[in-house]
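Comments concern the structure below.
The values are calculated or read from the model by the stated rules, or taken from the named source; none is laboratory data. Note that this is a predicted model, so its numbers are computed, not measured. We place every Cβ from the backbone using ideal geometry, glycine too, and count neighbours over all the protein chains shown. Please note that ligands, DNA and RNA were not included when accessible areas were found on the heavy atoms of the full protein model with its side chains. Shrake-Rupley method; radii C 1.70, N 1.55, O 1.52, S 1.80 Å.
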Amino acid sequence: MKKVTKFSSALLALTLGLTACSSGQDTGTKETTDKNDDTKKSEEVVKIVYARGKDATKATEEIVKAFEAKYPNIKVEFREMPSDTGAQHDAYVTMLNAKSSEIDVMDLDVVWPAEFAQAGYVLPLDRFIEKDGIDLSAYNQGALAAGNFDGKQWAMPKFIDTGLLFYRKDIVPEEKVPKTWDELLTAAREFKGQGGTQFGYLMQAKQYEGLVCNAIEFIAAYGGKIVDENNNVVVNSPETIKGLKKLVEIATSDVVPSNITTFTEPESHTAFIEGQSPFIRNWPYQYALANDPEQSKIVDKVGVAPLPAGDKGSAAALGGWMTAINAYSKNKEAAWEFVKFMTGPEGQKISAIYGGLAPTLPELFKDEEVLKANPFFAEQGFVDGLNAAVPRPVVPNYPEVSEIIQINVSKAIAGQITVEEAVANMEKEIKAVMQ
Ligand code: GLC
């Protein structure tokens, strides 16, 4: 099966090229020497607030524990944000528009840094990176580039996400793990109802960011794109139409729950760990969660495979999260220590072991404990999948582009418009907001 590597690596190369062109030099910003910053008085205990979406795993708790043990004069309070990335985005924007200092550190979805940088919501990190001699070449360059905008690094890469197919090893024999989307539909029908399952396949089909990721995977698997390497809008193509038709076919079939258009990651992962489906499309964290005996009924029963292929190969969306500092934080130095720890080797190792998250430090893929917790990290298919992952359009007004995709794909799933109409609308509307 031919992979869509060419398409994706061209886009990645573009992002890398952009990073290479930027000097990465920060001229030093006033904000970072804020005199309110009390962490320099080492005898004082500073409290910082760290915000991110709900963590279904124990990773955040373990990172905070390890960090506080290493930095006894910094206490981290965890602020749980909505797990729907769009809702989380809006909550940060509301807070930061009001110049609020109530959070110090926050996780940013890979699609936000350009927007947050341009709006002045987050601090450039170059001064800190330089001061502490952080070796940026040790990071996955695509992931690093997602936090680079206008020649500065605004967020440090914490983990990479890529769409994967998880299946029940106890229900689906190895040779029946589907290699194409058509095989997925057949296999989901065949195994639905077996081993106590009620559904055949789970995905994320609610009108939100996760739907954009699912859609991009179908579109790219059939050779389509939303924008090309130069951000030209090329969504209205026979390939995109074919990919989206397959998405609609699956999302409206009898293998998914009838309310699949209300499913985000938590709804789908919960149904999967409850043992309700032989197959799910999800991000790598699904594996650690499925093997957590406190939450899962399917411990040791899960296999991992690349997403099924369309006629141009298998394609996975590139996701992931970065960590940034609120530009209005009153504890910037302490905030940086936490960002540095969490996105450095120690923090990323904890994320990988407890959270099943794929590191942005490639070196950690060789770490024995990381591999023991996530055996599929050692598989060539996973590594290839990460390298071939398809990014979403890299533009500062990405939320508007995303909303257009979400609305039109949702309407097509609901049967309110045809897929042909959906791509024609997307072409017109995306062109208008990207001008
Ligand atoms: C995951 C990905 C993120 C994506 C989101 C969609 O959290 O890491 O990039 O936007 O899912 O729901």
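Observations on the model:
- Scanning the stretch 51-80 for residues that are in a strand (DSSP E or B) and under 29 Å from Ser296 (Cα atoms) yields Ala51, Arg52, Gly53, Val76, Glu77, Phe78, Arg79, Glu80.
- Look at the stretch 347-361: where a residue is crowded, with 24+ Cβ neighbours inside 10 Å and a partner is part of a loop (DSSP other than H, G, I, E, B) and of a type in the set (Ser, Thr, Tyr), sitting 6+ places away or on another chain with Cβ atoms under 7 Å, you get Gln348/Thr360; Gly355/Thr57; Gly356/Thr57; Thr360/Tyr139.
- Residue check, Thr261 within 17 Å of Asn408 (Cβ to Cβ) and surrounded by fewer than 20 Cβ atoms within 10 Å (Cβ to Cβ): yes
- Condition check for Gly151: open to solvent by 30 Å² or more (accessible area, probe 1.4 Å), on the phi > 0 side of the Ramachandran plot and more than 16 Å from the ligand (Cβ to nearest atom): no
- Ser83 falls short on exactly one of the conditions (1) assigned to a loop (DSSP other than H, G, I, E, B); (2) more than 25 Å from Ala290 (Cβ to Cβ); (3) touching a helix residue (DSSP H, G or I) at 6+ places or on another chain (Cβ under 9 Å); (4) hydroxyl-bearing (Ser, Thr, Tyr), and that condition is (2).
- A residue that is within 16 Å of the ligand (Cβ to nearest atom), among the basic types (Lys, Arg) and touching a helix residue (DSSP H, G or I) at 6+ places or on another chain (Cβ under 9 Å) cannot be found anywhere in the stretch 124-146.
- Selection count where residues are of a type in the set (A, V, I, L, M, F, W, C), part of a helix (DSSP H, G or I) and crowded, with 18+ Cβ neighbours inside 10 Å, scope the stretch 366-408: 10
- The condition (being among the aliphatic types (A, V, I, L, M), surrounded by fewer than 24 Cβ atoms within 10 Å (Cβ to Cβ) and over 29 Å from Ile280 (Cα atoms)) is satisfied by just one residue among Ala119, Ala145: Ala119.
- Condition check for Gly344: more than 17 Å from the chain's Cα centre (by Cα), in the same structural domain as Thr94 (by TED's automatic domain parsing), under 25 Å from Asp135 (Cα atoms) and in contact (Cβ under 8 Å) with a residue 40 or more places away in the chain: yes
- Against the conditions (1) more than 16 Å from the ligand (Cβ to nearest atom); (2) on the phi < 0 side of the Ramachandran plot, Gly319 satisfies every one except (1).
- You will find that of Ala327, Ala352, the residue that is within 28 Å of Leu136 (Cα to Cα), over 22 Å from the mean Cα position of the chain (by Cα) and of a type in the set (A, V, I, L, M) is Ala327 and no other.
- The stretch 277-316, subset closer than 21 Å to Pro257 by Cα and of a type in the set (Gly, Ala, Ser), residue nearest to the ligand (Cβ to nearest atom): Ala290
- Tally of residues being within 15 Å of Val233 (Cα to Cα) and either out of contact with any Asp or Glu (no Cβ under 7 Å at 6 or more places or on another chain) or touching a residue at least 60 places away in the same chain (Cβ under 8 Å) (or both) across the stretch 409-435: 13
- In the stretch 322-346, of all residues being of a type in the set (Ser, Thr, Tyr) and crowded, with 24+ Cβ neighbours inside 10 Å, the one that is nearest to the ligand (Cβ to nearest atom) corresponds to Thr323.
- Options Ala205, Ala155: the member that is touching a strand residue (DSSP E or B) at 6+ places or on another chain (Cβ under 9 Å) and small (Gly, Ala, Ser): Ala155
- Taking the criterion of being more than 23 Å from Val64 (Cβ to Cβ) and within 16 Å of the ligand (Cβ to nearest atom), the residues of the stretch 90-112 that qualify are Asp90, Val93, Val111.
- Matching residues, the stretch 227-251, being on the phi < 0 side of the Ramachandran plot, part of a loop (DSSP other than H, G, I, E, B) and open to solvent by 10 Å² or more (accessible area, probe 1.4 Å): Asp228, Glu229, Asn230, Asn232, Val234, Asn236, Ser237
- For the stretch 267-356, the helices (runs of 4 or more DSSP H) that sit wholly inside it and include 1 or more residues that are more than 20 Å from Phe166 (Cα to Cα) are 332-343, 345-355.
- Just one residue in the set Thr197, Thr240 is under 28 Å from Val172 (Cα atoms), in the same structural domain as Phe272 (by TED's automatic domain parsing), β-branched (Val, Ile, Thr) and more than 15 Å from the ligand (Cβ to nearest atom); that residue is Thr197.
- Near pairs, Cβ below 9 angstrom, 6+ apart or cross-chain, from the stretch 69-87 (under 15 Å from Ala59 (Cα atoms) and of a type in the set (D, E, K, R)) to any residue that is open to solvent by 50 Å² or more (accessible area, probe 1.4 Å) and outside any strand (DSSP E or B): Arg79/Glu102; Glu80/Lys54
- Scanning the stretch 170-180 turns up no residue that is surrounded by 15 or more Cβ atoms within 10 Å (Cβ to Cβ) and within 16 Å of the ligand (Cβ to nearest atom).
- Test result for Ala114, modelled with pLDDT under 95, within 30 Å of Val401 (Cβ to Cβ) and assigned by TED's automatic domain parsing to the domain that holds Gln348: yes
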